[in-house]
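*Asks:* One structure is given below, represented as structure tokens, and several questions about it will come after.
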Amino acid sequence: MLKEFDPAALLEDLPAHGLVVGDVGTVVFVHRNPKGYEVEFMDTGGRTLIAETLQAHQLYHFGEGRSRMPVGRPRRNCSS
């Protein structure tokens, strides 16, 4: 079970937000009813890209005992 401040990786692409499988975010809020997680995704410079509400099946939890964690990817240039 994910808790606030846990790292989590996407298990599916979120093309509307420019996020892909493997992008790593941080759980910033746990919703109770219905169950879900507010996850903040940042670029390698520490700038927030988006915060999105996701379900458990969309996230990979880096629990205790996990030896590897992927790193973030560089922010892509986006046209305004």
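*Asks:* Please compute the length gained on full extension between residue 16 and residue 1, using 0.36 nm multiplied by the number of residues separating them and subtracting their Cα-Cα distance. Walk me through the numbers on the way to the answer.
*Replies:* Details: separation 15, 0.36 × 15 = 5.40 nm, distance 2.63 nm.
So the chain would gain 2.8 nm between residue 16 and residue 1.
*Asks:* Taking the Cα-to-Cβ direction at residue 55 and at residue 32 and moving 7 Å from each Cα, how far apart do the two end points lie in nm?
*Replies:* 2.2 nm
*Asks:* How large are Rg and Dmax for the stretch 4-68 when calculated on the C-alpha trace, in angstrom?
*Replies:* My reading of the Cα-based Rg and Dmax gives 11.4, 33 Å.
Every number here is computed from the coordinates shown, using simple stated rules; none is lab data. For clarity, every value in this text was computed on a predicted model and none was experimentally measured. Quick reminder, even Gly has a Cβ in these numbers, built from the backbone with ideal geometry, and neighbours come from all protein chains shown.
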